[in-house]
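Undergrad: What follows is a structure written as structure tokens; I'll ask about it next.
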Amino acid sequence: MAEYVKPRGTADLLPVDTAEWQYLEAQARELFSLYQYREVRTPIFEHTEVFERGVGDTTDIVQKEMYTFRDRADRSITLRPEGTAGAVRAFVEQKQYGGPLPVKWFYYGPMFRYEKPQAGRFRQLHQYGVEVIGVDDPRVDAEVIELGHRFLSTVGVKSFRLEINSVGCSTCRVAHKEALLTHLAPVVQELCADCQSRYEKNPLRILDCKVDRDHPRVLTAPTITDSLCEDCRVHFAAVRAYLDDLDVPYVVNPIMVRGLDYYTRTAFEFMEDSIGAMSTILAGGRYNQLVAGFGGPDLPGVGFAGGMERLILARAANGERAEDGVQPFAFVLALGSAAKSPSVRLLQSLRATGIPADADYLGRSLKSQLKTADRLGARVAILLGDDEVLRGVATVRDLQTKEQRTVSLADVVAAVVAMRDPLVKAVDAERFPGNETNNQEGSQ
Ligand SMILES: [Zn+2]
Ligand SMILES: [Zn+2]
């Protein structure tokens with residue numbers, strides 16, 4: 001017998017889960033819009049070269065973790081493992097450099113990586129991120145970092161730490177690479193197989209190797225900070241000064257290198273420890289060579305990305321979880337066959353007026369229908385029996401006070417609206433104090 005199960009590393013998000021997702025998605029959209037970032041949506045799959053170019057063909061992501069396949073026309077296609085490469089490809093392909101700069105974008109959606117699944121790590125993962133393309137001003141680096149800081153704080157992640165570094169430019173990297181090769185030459189044979197090949201191709205990434213990062217020679221390796229050119233040194237100092245202006249606390253981590261090849265200058269990671277070992281919850285940096293790498297003009301960029309699954313774990317560890325807001329205000333009970341037709345029309349009218357409403361379709365007893373209304377959290381039950389239908393009325397029962405009255409069918413919706421409006425106003429007054437008068441428009 002075939003067994004139908006989801007692929008390893010994927011998740012079914014049931015309605016009990018999606019409330020939390022929708023909350024975070026709404027928070028991200030609201031905050032990014034406040035900072036004047038607009039949403040971009042690029043394809044979930046791209047030509048494989050986009051990620052080889054944009055992520056770097058020596059990275060773990062490109063070498064080991066991509067979902068790459070041949071399509072029916074034998075083209076190599078890859079499910080996107082991250083968001084920046086596609087965004088920058090789109091920026092160049094759609095000639096966005098011809099308009100006002102900088103371009104400030106945000107994105108959100110599924111990404112795919114063939115990794116070993118574990119807590120907070122999935123093969124279909126979800127990331128939100130921002131990109132600013134077109135300016136090298138360190139104020140923008142600081143803005144992007146402050147936005148990341150604000151977002152995490154806003155959604156209730158409490159115990160995080162910001163680490164920043166400058167990974168320099170191509171000039172500083174040549175100097176740093178030389179220093180690194182000299183330093184590591186005596187111990188190459190002691191490093192893992194990956195690092196032996198990195199020694200030839202991209203020795204910088206040895207510093208980030210999960211196997212070798214505690215090797216004594218790796219621990220004492222010269223940092224990029226020691227090799228920064230004058231321009232990069234000035235830029236990094238300015239980023240730090242602006243972060244101080246913005247009261248964003250950080251620590252400089254001179255050995256931080258990013259897992260993606262395209263970063264230049266500013267690199268940063270928000271680390272978070274709510275579920276034990278400190279791990280990255282949001283990370284980003286500057287990528288001044290990426291736009292040109294995609295055949296566009298020589299324009300700088302800076303951005304960040306964060307993972308939703310990790311964020312949800314961190315919130316859960318802090319006792320935060322958004323609740324399902326889907327709840328009927330009114331519940332219609334049709335008792336007897338003559339009540340069926342008026343009950344569907346009544347439901348339609350309630351909903352048309354904006355009243356969240358539902359009904360029982362199982363034809364059960366009055367008692368069990370009332371129980372259902374209670375369980376769903378309905379405030380009002382509207383009872384329609386054969387008798388009531390004959391008299392053209394309904395019984396409207398307040399499920400909290402247990403008061404009930406008979407109302408003409410034509411007036412039921414108005415009666416329910418009258419019960420609900422004071423509650424809506426009270427909630428609005430709490431959310432937007434001092435703004436009560438404006439809400440009258442919305443409730444008509
Ligand atoms: Zn430099
Ligand atoms: Zn290694």
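No lab work stands behind these numbers, since they all come straight from the coordinates. Nothing here was measured: the structure is a model prediction, and the numbers come from that model. All Cβ positions, glycine included, derive from the backbone under ideal geometry; neighbour counts span all protein chains shown.
Undergrad: Normalized C-alpha radius of gyration of the stretch 241-352, against 2.2 N^0.38 Å?
TA: Compactness ratio reported: 1.97.
Undergrad: Right, here's the next one. Among the listed pairs LYS116/LYS201; LYS402/LYS425; LYS116/LYS210; LYS367/LYS425, give every one whose C-alpha distance is greater than 20 Å.
TA: The pairs that break the limit, which is 20 Å between Cα atoms, are LYS116/LYS201; LYS402/LYS425; LYS367/LYS425.
Undergrad: Still on this model: Taking a ≥ b ≥ c as the square roots of the eigenvalues of the Cα gyration tensor of the stretch 330-442, is the shape rounded (a/c under 1.5), prolate (a/b larger than b/c) or oblate?
TA: Prolate is the answer for the stretch 330-442, as a/c is 1.5 or above and a/b outweighs b/c.
Undergrad: So, one more: List the aspartates and glutamates whose Cα lies under 14 Å from the Cα of LYS340, skipping any in the same chain that are fewer than 8 positions away.
TA: ASP358, ASP360, ASP386, ASP387, GLU388
Undergrad: Can you name the helices of the chain, as whole DSSP H runs, whose Cα span along the helix axis is 27 Å or more and whose Kyte-Doolittle mean is not below 0.0?
TA: 412-431
Undergrad: Once the Cβ-Cβ distance between VAL424 and ASP374 is put in as r, and R0 is 35 Å, what FRET efficiency do you end up with, to the nearest 0.05?
TA: 0.95
Undergrad: Based solely on C-alpha atoms, express the radius of gyration and the Dmax of the stretch 18-130 in angstrom.
TA: Every Cα atom of the stretch 18-130 included, Rg and Dmax give 15.4, 44 Å.
Undergrad: Just PRO422, PRO102, PRO297 to compare: in a GNM of the chain, with alpha carbon springs under 10 Å, which one fluctuates most?
TA: PRO422
Undergrad: Right, another one. Pick from ALA359, ALA292, ALA90 the residue whose mean-square fluctuation is largest in a GNM of the chain, springs joining Cα atoms under 10 Å.
TA: ALA359
Undergrad: Amide H of LEU333 versus every other amide H placed in the peptide plane: which residues, excluding those fewer than 5 positions away on the same chain, fall under 5 Å?
TA: ILE382, LEU383, LEU384
Undergrad: A further question follows. For the chain, set up a GNM with springs between Cα atoms under 10 Å and report which of GLN36, GLN118, GLN369 has the largest fluctuation.
TA: Top of the fluctuation ranking is GLN369.
Undergrad: Taking θ as phi - 60°, what are the ³J(HN,Hα) couplings along the stretch 380-387 by the Karplus curve (6.51, -1.76, 1.60), each to the nearest whole Hz, with x for Gly and Pro?
TA: 10, 10, 10, 9, 10, x, 4, 4
Undergrad: For the chain, what does the helix formula give at 222 nm: sum of -39500 (n - 2.57) over DSSP H segments with n ≥ 4, over the residue count, nearest 500 deg cm²/dmol?
TA: Roughly -11500 deg cm²/dmol at 222 nm, from the helical runs in the chain.
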